[in-house]
Amino acid sequence: MGYTLRILSEANKPHPTAFYPVGFPAVLAAIRWLGGGLLADRWLQVLASLGNVPLSYLFARRGYGRAAGRAAAWATALWPGGILLSATWLAEPVFALGLGLSLLPLAYARRKQRPLALTIAALGLGALAYLRSSSLPIAALLGAALGYDWFRRLPWPRRALAAAALAAGLTALACVPLAPWAWRNQRVLGAPVLVSTNGGVNLLLGARGDGSFATIAPDEACKNTPMREVARDACYQRRALVLIASDPLTWLARGLLKFAHTYGHESAPAQCFSEGLQLPEERATAWRLWALGVCRLGWLVLLAAIVVGASVVARGAPGTMRAVLFAPVVAIAVLHSVYLGGDRYHAAVAPMLLALAGVGIAKWRRKQS
């Protein structure tokens, strides 16, 4: 029946939808088509998580040498949240692997190889948008950062214009792989939606409470009249913008909270893990608390190393390497400060974060020696 509203509930009618990105269900569907089952799903997640180990090594090595690469690889392999995410059906492990593979050629490309590496990065980020739309702002910010560095000899106005042009070009190229999905959405939904139709909902969720995931209150629901899915999302977006405009200072403060929620702690992997435990309640509670404690403590240690590594890379790494490591991290920070925040979203840029952690650990060890 294709991608229908039954993804939300089996009781729904099989009407076409694009509420959630189609990429991860499509990957799982391909595994089913090839004859795999639940075990194949698990191996997909495990292999994706394992693939991030050499990626973080290669990014850190390029930025700060082999010692940083080894530290980054160990940090990735022992990262508690990453281990637990590999036992879930969340898209972050696969997205992180794809992000690393898309940007790795750019990190190692010589000047003559940059056009090819940029093309690979743009098309890779476009394909990843099928999993999470956050790859599109990553493409835009990456292009802007690279353009600003590569054209640094130009006067400032022309340098900024070149950065904007490269950002626009990279984003446009990233949209090319989405053309079949946009055509499908135009045909069945009446609008060429690039990724999903939940942007308005997420903007509204991020404009109230603490800005984290919640359900839409009955008085906020856009269901008074029959609406198509795209029109309903536009309705939610209008309501969110009205709410933001009514108190912009509070919305900005909420953005800081969402940023802290996205990068400041790590609970979702442990929560997803504990939801799958088939144990008596007492034993499940113990496992849940242990997983949550190890996740949060492990992330605090890594976060300290990431901050140190980021300061080192910002001061001494080549401009292209800074763009490759920082653009995804900053794009995720901005995106989830505007929309809704969540502590699992930083896992999408794990190869970059853990590469920075490796640089930080190597810097600390060098000082100790």
Condition (residue is over 30 Å from residue 201 (Cβ atoms) and either β-branched (Val, Ile, Thr) or modelled with pLDDT of 90 or more (or both)) applied to segment 80-93: is it met by at least one residue?
yes
Any residue that is surrounded by fewer than 22 Cβ atoms within 10 Å (Cβ to Cβ) and out of contact with any Ser or Thr (no Cβ under 9 Å at 6 or more places or on another chain) - is there at least one of those in segment 126-139?
no
Applying the selection to segment 223-279, what residues are of a type in the set (Lys, Arg) and modelled with pLDDT under 90?
223, 228
Taking only segment 276-290 into account, find how many residues are more than 17 Å from residue 93 (Cβ to Cβ) and either in contact (Cβ under 8 Å) with a residue 12 or more places away in the chain or in a helix (DSSP H, G or I) (or both).
10
Candidate set: segment 319-369, residues that are under 23 Å from residue 215 (Cα atoms) and among the hydroxyl-bearing types (Ser, Thr, Tyr); chosen: the one surrounded by the most Cβ atoms within 10 Å (Cβ to Cβ)
339
So which residues in segment 277-287 are surrounded by 10 or more Cβ atoms within 10 Å (Cβ to Cβ) and not hydrophobic (A, V, I, L, M, F, W, C), if there are any at all?
283, 285
Looking at segment 245-274, I want the residues that are in contact (Cβ under 8 Å) with a residue 12 or more places away in the chain and have a partner that is among the basic types (Lys, Arg) and not in a helix (DSSP H, G or I) with Cβ atoms under 7 Å, at least 6 apart or on another chain. Which pairs are those?
268/344; 269/344
Which of the helices (runs of 4 or more DSSP H) found entirely inside segment 149-219 contain at least 2 residues meeting this: of a type outside the set (A, V, I, L, M) and more than 25 Å from residue 335 (Cα to Cα)?
156-174, 179-189
When you go through 265, 261 one by one, which is the residue that is more than 21 Å from residue 77 (Cα to Cα) and under 23 Å from the mean Cα position of the chain (by Cα)?
261
Among the listed residues 102, 56, which satisfies the condition of being closer than 24 Å to residue 180 by Cα, in contact with a helix residue (DSSP H, G or I) (Cβ under 6 Å, 6 or more places away or on another chain), buried (at least 20 other Cβ atoms within 10 Å of the Cβ) and at pLDDT 95 or above?
102
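The values are calculated or read from the model by the stated rules, or taken from the named source; none is laboratory data. Worth saying up front: this structure is predicted, and the values here are computed from it rather than measured. FYI the Cβ positions are ideal-geometry reconstructions off the backbone, even for glycines, and counts take in every protein chain you see.
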